[in-house]
Amino acid sequence: MNYVLSLFNFSMLLFIQVLMSAIQYADRERVWAKRNAFKGTHICVKEDYPYEIERRRKQLWPYLRAARAGDPNHHENRVTAHLRVDKLIINCQAFSVDNVAKVPDFVRSAVDEEPKRKIKRPLYRLMS
């Protein structure tokens, strides 16, 4: 599995990405455990997924945020939610982009009510 270290240089407005390949699983776990040490810095550690998987994950993010916010009508019911590769896991049930219509009602309604974000255009296009 490959990992990307992203460095952001504010003075030059430049991203530098370093691709690191972990040969053994223990190496991957060692880097992954220390990624929180970079919080508050300009270094980001993330897994390098193919474009198609990144696109699916991007579509599932609003559902993940809504599921983690929880059910407003039942505060006592704890909801666990996370992404595993390109699947959304809510309370041990897997959902993909194809069957996202089957997510719990409170998640779907929260996503429908969520305001759409404006698309940020890259800086280099604004300058030309």
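Annotations for the structure displayed:
- Among the residues of segment 70-85, just one is among the hydrophobic types (A, V, I, L, M, F, W, C) and either in contact with a Pro (Cβ under 6 Å, 6 or more places away or on another chain) or surrounded by fewer than 14 Cβ atoms within 10 Å (Cβ to Cβ) (or both), namely Val85.
- Within segment 88-107, tally of residues that are within 22 Å of Tyr49 (Cβ to Cβ) and in contact (Cβ under 8 Å) with a residue 12 or more places away in the chain: 7
Conditions tested, residue by residue: (1) within 30 Å of Asp105 (Cβ to Cβ); (2) in contact (Cβ under 8 Å) with a residue 40 or more places away in the chain.
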residue	(1), (2)
Ile23	no, no
Val31	no, no
Lys34	no, no
Gly40	no, no
Tyr49	yes, no
Arg56	yes, yes
Asp71	yes, no
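- Candidates Glu29, Glu76 - the one that is more than 18 Å from the chain's Cα centre (by Cα) and modelled with pLDDT under 80: Glu76
- A count restricted to segment 44-69 and to residues that are exposed (fewer than 11 other Cβ atoms within 10 Å of the Cβ) and of a type in the set (A, V, I, L, M, F, W, C) stands at 0.
The values are calculated or read from the model by the stated rules, or taken from the named source; none is laboratory data. Computed from a predicted model, the values in this text were never measured in an experiment. Heads up, the Cβs are rebuilt from the backbone with ideal geometry, glycines too, and the neighbour counts pull from every protein chain shown.
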